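Contents: one structure, followed by commentary.
The values are calculated or read from the model by the stated rules, or taken from the named source; none is laboratory data. What you see is a predicted model, and the numbers here were worked out from it, not measured in a lab. Don't worry about glycine lacking a Cβ; one is built from the backbone with ideal geometry, like all the others, and counts go over all protein chains shown. Surface accessibility is based on the protein's heavy atoms, side chains included, excluding ligands, DNA and RNA. Shrake-Rupley method; radii C 1.70, N 1.55, O 1.52, S 1.80 Å.
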Amino acid sequence: MRLYLKYLFLFVTGGLLYNLLEIGFRGWSHWTMFVLGGICFICLGLINKIIPWEMPLWQQALLGAGIITALEFITGCIVNLWLGWEVWNYSRMPGNIQGQICPQFFALWIPISVAGIILDDWLRYWLFSEERPHYTII
């Protein structure tokens, strides 16, 4: 039960933060972005659970940006291409893939991944008595 509540808390935290980022960036969001944000936040948090802490933070951020981009592509294919909900469309961005992802947003996910990884690690430490965060920068 404790594990369920921990991941529910992290999911909701990620969903809310993702929605706030979207509202701040483009003025609105969609409920599917809450779900996507929650899943992304949990995945960012699992980086230090699966890969040793010794992996430099910049590499964790690149991995996180790749994970977010992959999840954004899958979500976009479902909600935009398959269901036709038109939640976003990057088709005017250079280098886009099917209008669902683009290199510009991959680059944006890198610093957001750093923030997400660090926030998740400290929340896990403060609230769930997990290992105290420590990072390798280079």
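Across all directions of projection, what mean area in square nanometres is found for the Cα convex hull of region 1-74? The partial results should precede the final answer.
Values: hull surface 22.4 nm².
The Cα convex hull of region 1-74, projected and averaged over all directions, gives 5.6 nm².
For region 39-138, the carbon plus sulfur part of the accessible surface works out to 70%, probe radius 1.4 Å. Treating the angle as unsigned and between 0 and 90°, give the value, to the nearest 10°, between the Cα long axis of helix 31-50 and the longest Cα principal axis of the chain. Computed tilt is about 40 degrees. Against the chain, whose longest principal axis comes from its Cα atoms, helix 57-76 is set at around 40 degrees. Angle of helix 2-26 to the longest C-alpha principal axis of the chain, folded into 0 to 90 degrees and rounded to 10: 40°.
What is region 39-105 by shape, rounded, prolate or oblate, if you read a ≥ b ≥ c off the alpha carbon gyration tensor as root eigenvalues and call it rounded for a/c under 1.5, prolate for a/b larger than b/c, and oblate otherwise? Show your work: numbers first, answer last.
Numbers: a/c = 4.28, a/b = 1.97, b/c = 2.17.
Cα axes put region 39-105 in the oblate bin.
Where does the charge balance sit around H134 when Lys and Arg score +1, Asp and Glu -1, over other residues with C-beta under 15 Å from its C-beta? Show your work: numbers first, answer last.
Details: positive: K49, R124, R132; negative: E54, D120, D121, E130, E131.
Local net charge: -2.
The share of Cα pairs per 10 Å bin across the chain, counted from zero up to the longest distance, runs 12, 41, 32, 13, 1 percent.
For the chain, adding -39500 (n - 2.57) for each run of n ≥ 4 DSSP H residues and dividing by the number of residues yields -23000 deg cm²/dmol at 222 nm. Amide H contacts of T136 (H built 1.01 Å from N, in plane; Pro and chain starts excluded): L57 sit under 5 Å, all sequence-distant by 5 or more or on other chains.
Average 1/r across all pairs of distinct alpha carbons in region 70-135, invert it, and you get the Kirkwood radius: 13.9 Å.
What is the sum of charges, Lys and Arg at +1 and Asp and Glu at -1, for the other residues whose Cβ falls under 11 Å from the Cβ of K49? It would help to have the intermediate numbers written out before the result.
On the way: positive: R124; negative: D120, D121, E130, E131.
Overall, the nearby charge balance is -3.
Express the accessible area of the chain per residue in Å², computed with a 1.4 Å probe while the remaining protein chains stay in the model. Show your work: numbers first, answer last.
Details: 7740 Å² over 138 residues.
Here the per-residue accessible area is 56 Å².
The order of the peptides 20-28, 57-65, 88-96, 38-46 by mean Cβ neighbours within 10 Å, most packed first, is 38-46, 57-65, 88-96, 20-28.
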